[in-house]
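Report on the following structure.
The values are calculated or read from the model by the stated rules, or taken from the named source; none is laboratory data. Bear in mind the structure is a predicted one, so any value in this text is a computation, not a measurement. Please note: Cβ atoms are built from the backbone with ideal geometry, for glycine as well, and neighbour counts cover all protein chains shown.
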Amino acid sequence: MSKVLCETGHSGKKVRLRKNGILHELLKNKTIYLMMLPGILFFFIFAYIPMVGVIMAFKDYNIKKGIFGSSWNGLDNFKFFFSSGDAFRITFNTVYMNLLFLIFSTVISVALAIFLNGVTKKVFKKVTQSVMFLPYFVSWAIVGIITQGFFASENGAINSFLKSINMEPVSWNSSPELWPFILVIFYLWKWCGYNVVIYLATITGFDTECFEAAAIDGASKFQQIRYITIPLLMPTIIILTLLQIGKIFYGDFGMFYSIIGDNGILYATTDVIDTYVYRALRLMSDFGMASAVGLYQSLMCFVMVFGSNLLVRKYQSDAALF
Amino acid sequence: MFKKLICLLLAGIMFVSIFTACGSKTNDSTTTNSTNESSDEAKSGSEKSGSEELAPYAISAFLPGDTPLHLDEVLEEANKKLKDALNVTLSINFASWTDFPNKAQVMIAAGDETDLIFDAPWMHLPQMISAGAYLDLEQLLNEHAPDLLKAFPKLMIDANRQNGKIMGIPLGDVLSSYHGLWIRGDLREKYGMPPIETIEQYEQYLMKVKENEAGMIPLTWLGNYCIGPNGFYDAGYDVVLFGGNNAEVDIFATADEVEEIVPIYENPHVLEWINMVRKWYLAGLIEKDQMTQKDETGAFKSGKVASIKGDYIVGTIQNQIESIIPGAKVEFISFEGKNDKHVTNFAQWNFICVNANAKDPVRVVKFLNWMYEDQANYDLLRYGIKDVHWVDAGDKMYDLPQGIDASKNYNFPGYTLMWNPNFERTLATSSEDDKFYYKKLRDENMLVPSMLTGFTPDLEPVKNEIAKVSAIWPSTMLPILNGSVDISELPKAQKKLEDAGYLKIVEEAKKQVSEFLANKK
């Protein structure tokens, strides 16, 4: 249905757009624009209007006086974050963890999608896909409890197993160096299925003629993947990666807080901006300072998205987001 | 055409769905107003019958917790009395504990006129006071609440002033907090040990548990704090944690002395504790993963742990544990002599505050006074209708009427509105120990005011430092305080704390305490 409408819209655009300008365009495709309206309104109300609150970062916020009535205090709210020696460490942790997530999840999701696409047995394919997708619905709070079950020093599943095969149990909860990897594993377990669905959908959409032609020319399965599937998949990979890079300064609070919780011994490697701010301000409930760190995060994200998009546009202009 | 119609319909549905989503939100925020409306109705209703000189007034209260069962019945009964006495009607709104802090904050920020609002120093009382949310009650109480002032010991009111002002009525069924631990009395008896009164005996108990109960953890506590000042190193002292739980400067006070204020890593009491707790940790007396513990009570109830931090009232936990482990017995122990006088600063945890936007503060204060005018008034709101929800067991005790299931009875959370040491009754079926502690902690002669009674830390000047220190506390100081990390790490932790500005908090503590003591003289 929408395909039909789009096509008529396109043909109309080409012919008369220049003559009648934007108004005609709006009128011509009014139904489509009407369908956009709820989305635009949603973002306007919940993403653009709240941006006014950014000024709280520069104010000594007082509930009674409100956002606009509170007095300005310059960059005072930023001091707490940057004058603590931890700003670098937690920013590094956040970016490092997110990079690990990004690289591993992209590589593994693409590999799994290609693998699943090659599977001909339909039942096996569907079951595997569902099983992979299932963890997406498990909340981090529950994952947190499961991790405790695995990694508890006394009576934890892994340590019990190690003991049963006469190996020295590991005290997981006091070994910060192990946790980036444990977190990556849980991240993959939870998100891979979701990404695989997206990649698989893209692969299914490829023109089968390419593959048939390649097969006739004697290309092996691996050559087909190397020279057809992956290049065709590139735009999707780039878009998803760009979206992920945009969030690189956001630690997944639900994940880190549910799994690490208040275990300070592990903070050396797992403390991210979000958990740090949460902890620092839980007691203080100082809105100004919280917004200051929020603004810092948003600014860094903005720079990242803009920068990476610039790079993409330079090397493969079709794949750039904007 | 047909496709177009479907498209329009779809767009329409999406459009509407946005606004229904918003709509449900506005509904949510008006729930608070609905009581005002209903009380408005009550107002007009009472106008007809009102023959008193006072104009009718509807008092509204906003409290945390679940709405008690049978609240409507009790309020109806109470409103009859209130109408005769003050020509007011009372309505109470509850919000769950998790929602309450935010809701109260938003209501206050939005200028809501709800008269009585619960708040607490551990919630956001200091912030709300500095935002001007509550009324200073000093004058109002003096003029309109003679019974209330009689009901609350002067010490209790004075010790709970906020920066010298009465910003809320301190709610407490006893005059002082009292720290200690729960142990399993049945296990203690099994090992043939006498009742535990000293730390040495307690250590013995933990060791016996370790030896005899396979798979049982002797002692644990929540991962996000140190149990030391909750019964161990504070025994015999009033310990003020200046800077809060995660940026603390421990101030040790007795009745006639405030010990020198030093950073926590130089405090002799704390150092002694650190050495002991590390020894216990290495000996396996403390849970290996204590820092990840999130539910100590659950672990204790299910018999996985032999001792946790505890409250002197063991009635509830005793019933719960017995239903899981037959024959289990919970004992409260404290390392202060049971019959010794207890040093305290008389600080209370919970307050009921009068909203600065309340339309008629005088009448609100009069209502507060009404609760303490007569034991019957207090009893009505606190315990419900006499002989229906509770029966008088004499000697300031109450009991449930026969055949009534406690879980289906009226059960008002007294600590959110009225708790008072002189009016509160004791449950007749509570244990001898419970009764003993109730009596002791309500008896001013058994309590010794600490030098720091009435001292309220003002954290505003060091809020930057506190934010920084509390962010690193759990990874530096806390593992040492809890024994998970060796004391040899202390210099490293000290360096980090000092870099984050911890010494500034210490200086501020010193300054405020010396100012407080100077003003006292």
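Applying the set (1) surrounded by 14 or more Cβ atoms within 10 Å (Cβ to Cβ); (2) under 24 Å from B:Gly315 (Cα atoms) to B:Glu138 leaves exactly one unmet item: (2). From the residues in the range B:98-143 that are under 21 Å from B:Lys366 (Cβ atoms) and of a type in the set (S, T, N, Q), which one is nearest to the other protein chains (Cβ to nearest Cβ)? Per the stated criteria, the residue is B:Thr114.
Checking the conditions here, which among B:Leu441, B:Leu503, B:Leu490 is within 26 Å of B:Asp399 (Cβ to Cβ), away from chain A (no Cβ under 13 Å) and assigned to a helix (DSSP H, G or I)? Lay out the reasoning, then the answer.
Values: B:Leu503 fails: within 26 Å of B:Asp399 (Cβ to Cβ); B:Leu490 fails: within 26 Å of B:Asp399 (Cβ to Cβ).
Just a single option satisfies the conditions, and that option is B:Leu441.
Taking the criterion of being modelled with pLDDT of 80 or more, in contact with a Ser or Thr (Cβ under 6 Å, 6 or more places away or on another chain) and within 11 Å of chain B (Cβ to nearest Cβ), the only residue of the range A:52-77 that qualifies is A:Asp60.
Looking at the range B:133-217, what helices (runs of 4 or more DSSP H) fall wholly within it and have at least 1 residues that are more than 19 Å from the chain's Cα centre (by Cα) and not assigned by TED's automatic domain parsing to the domain that holds B:Lys288? It would help to see each step written out before you state the result.
Numbers: elements: B:138-144, B:146-151, B:154-159, B:185-190, B:199-212.
Hits in the range B:133-217: B:138-144, B:146-151, B:154-159.
Taken over the range A:78-99, the residue count meeting the criterion of being at the interface with chain B (Cβ under 9 Å from one of its Cβ atoms) and touching a residue at least 60 places away in the same chain (Cβ under 8 Å) is 4.
Does B:Leu75 satisfy the criteria of being free of Cβ contacts under 8 Å to residues at least 24 places away in the same chain, away from chain A (no Cβ under 13 Å) and on the phi < 0 side of the Ramachandran plot?
Values: free of Cβ contacts under 8 Å to residues at least 24 places away in the same chain: yes; away from chain A (no Cβ under 13 Å): yes; on the phi < 0 side of the Ramachandran plot: yes.
Against the criterion (free of Cβ contacts under 8 Å to residues at least 24 places away in the same chain, away from chain A (no Cβ under 13 Å) and on the phi < 0 side of the Ramachandran plot), B:Leu75 qualifies.
Being among the charged types (D, E, K, R) and within 14 Å of chain B (Cβ to nearest Cβ) holds for only one residue in A:Asp252, A:Asp274, A:Asp318, and it is A:Asp274.
For the range B:327-338, does any single residue satisfy the condition of being in contact (Cβ under 8 Å) with a residue 12 or more places away in the chain, within 14 Å of chain A (Cβ to nearest Cβ), within 18 Å of B:Tyr205 (Cα to Cα) and surrounded by fewer than 19 Cβ atoms within 10 Å (Cβ to Cβ)? Looking for residues that are in contact (Cβ under 8 Å) with a residue 12 or more places away in the chain, within 14 Å of chain A (Cβ to nearest Cβ), within 18 Å of B:Tyr205 (Cα to Cα) and surrounded by fewer than 19 Cβ atoms within 10 Å (Cβ to Cβ), one finds none in the range B:327-338, hence no. Taken residue by residue, the range A:150-161 has at least one member that is in contact (Cβ under 8 Å) with a residue 24 or more places away in the chain and under 30 Å from B:Lys304 (Cβ atoms). Just one of the listed residues (B:Gly243, B:Gly236, B:Gly284) is crowded, with 16+ Cβ neighbours inside 10 Å and at positive phi, namely B:Gly243.
Evaluate the range B:462-471: report whether one residue or more is away from chain A (no Cβ under 12 Å) and surrounded by fewer than 22 Cβ atoms within 10 Å (Cβ to Cβ).
Filtering the range B:462-471 down to residues away from chain A (no Cβ under 12 Å) leaves none.
Scanning the range B:462-471 turns up no residue that is away from chain A (no Cβ under 12 Å) and surrounded by fewer than 22 Cβ atoms within 10 Å (Cβ to Cβ).
Taking each residue of the range B:143-172 that is of a type outside the set (A, V, I, L, M) and looking for partners that are assigned to a helix (DSSP H, G or I) and modelled with pLDDT under 90 with beta-carbon atoms closer than 6 Å, six or more apart or interchain, yields B:Gln162/B:Ile129.
Look through A:Ile203, A:Ile185 and report the one residue that is closer than 30 Å to B:Pro474 by Cβ and at pLDDT 90 or above.
Values: A:Ile203 fails: closer than 30 Å to B:Pro474 by Cβ.
Matching residue, one of A:Ile203, A:Ile185: A:Ile185.
Quick check, is A:Leu183 over 18 Å from the mean Cα position of the chain (by Cα), away from every other protein chain (no Cβ under 14 Å) and surrounded by 14 or more Cβ atoms within 10 Å (Cβ to Cβ)? Even if it seems obvious, please write down each step before you answer.
Values: over 18 Å from the mean Cα position of the chain (by Cα): no; away from every other protein chain (no Cβ under 14 Å): yes; surrounded by 14 or more Cβ atoms within 10 Å (Cβ to Cβ): yes.
Against the criterion (over 18 Å from the mean Cα position of the chain (by Cα), away from every other protein chain (no Cβ under 14 Å) and surrounded by 14 or more Cβ atoms within 10 Å (Cβ to Cβ)), A:Leu183 does not qualify.
Those residues that are among the aliphatic types (A, V, I, L, M) and assigned to a loop (DSSP other than H, G, I, E, B), I need them from the range B:223-259; list them, please.
We begin by selecting, within the range B:223-259, every residue among the aliphatic types (A, V, I, L, M); these are B:227, B:235, B:239-241, B:247, B:249, B:251, B:253, B:255, B:258.
B:Ile227, B:Ala235, B:Ala247, B:Ala255 - these are the residues of the range B:223-259 that are among the aliphatic types (A, V, I, L, M) and assigned to a loop (DSSP other than H, G, I, E, B).
If a residue counts only when it is over 25 Å from A:Gly251 (Cβ atoms), which helices (runs of 4 or more DSSP H) contained entirely in the range A:30-120 have at least 2 such residues?
Working: elements: A:30-43, A:66-69, A:76-83, A:86-118.
Those helices (runs of 4 or more DSSP H) span A:30-43, A:66-69, A:86-118.
Do we find that B:Thr456 is outside any helix (DSSP H, G or I) and either closer than 30 Å to A:Ala290 by Cα or not hydroxyl-bearing (Ser, Thr, Tyr) (or both) in this structure? Answer is yes for this residue.
Beta carbons closer than 6 Å, at least 6 apart along the sequence or on distinct chains, pair a first residue in the range A:45-69 that is among the basic types (Lys, Arg) with a second that is surrounded by 15 or more Cβ atoms within 10 Å (Cβ to Cβ) for A:Lys59/A:Ser70; A:Lys59/A:Gly288; A:Lys64/B:Ala131.
Considering the range B:299-319 alone, what residues qualify as being at pLDDT below 90 and farther than 11 Å from B:Val330 by Cα? Within the range B:299-319, none qualify. Applying the set (1) closer than 30 Å to B:Pro326 by Cα; (2) surrounded by 19 or more Cβ atoms within 10 Å (Cβ to Cβ) to B:Val249 leaves exactly one unmet item: (1).
Do we have A:Leu299 as away from every other protein chain (no Cβ under 14 Å), under 21 Å from the mean Cα position of the chain (by Cα) and without any contact (Cβ under 8 Å) to a residue 40 or more places away in the chain here? Steps first, please.
Details: away from every other protein chain (no Cβ under 14 Å): yes; under 21 Å from the mean Cα position of the chain (by Cα): yes; without any contact (Cβ under 8 Å) to a residue 40 or more places away in the chain: yes.
Spelling it out, A:Leu299 is indeed away from every other protein chain (no Cβ under 14 Å), under 21 Å from the mean Cα position of the chain (by Cα) and without any contact (Cβ under 8 Å) to a residue 40 or more places away in the chain.
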